[in-house]
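The block underneath contains the structure these notes are about, expressed in structure tokens.
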Amino acid sequence: MSPEAFRWNLDTTTDPRVDIYALGVTLMELLTKQNPFSGLSVEQIIEKHQVSDFPIQELPNWQQEIILKAINKTPELRFQFMVEFEEALKAK
């Protein structure tokens, strides 16, 4: 779940950035073979976002940039539409 979804705000169900966040986490898990949020509490997940403690240091910089943008804790700083996410991947 995206950080804003933890607030149980009904508006998040129609916001495409929630899905962009989920796809970013899926991409990170695919490339690193681990889910950095597995088994963590809500508080631990929020803390992990505060310190940007993600297992992506071994990935190429362009992959790190795309993942970090997709899973940014602030929805306004993520890709705003899935097509933007797609274009960033295709550009590399």
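Since every read-out is calculated from the coordinates, none of them should be taken as a lab result. Everything numeric in this text was worked out from a predicted model, so none of it was measured. Note that we place each Cβ from the backbone using ideal geometry, even for glycine, and neighbour counts take in every protein chain shown.
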Problem set entry | Within the range 7-89, chymotrypsin sites (Phe, Trp or Tyr not before Pro) in DSSP loop having at most 15 other beta-carbon neighbours inside 10 Å | TRP8, PHE81
Problem set entry | Ellipticity estimate at 222 nm from DSSP helix runs (n ≥ 4, -39,500 (n - 2.57)) divided over the chain, nearest 500 | -16000 deg cm²/dmol
For this session: With all distinct Cα pairs included, what does the Kirkwood hydrodynamic radius of the chain come out to in Å, to one decimal, could you say?
Result: 13.5
For this session: Identify which of LEU23, LEU40, LEU68 has the largest mean-square fluctuation in a Gaussian network model of the chain, with springs joining Cα atoms closer than 10 Å.
Result: LEU40
Exercise. With the contact rule set at Cα under 8 Å and sequence spacing of 6 or more, what percent relative contact order holds for the chain?
Worked result: 37
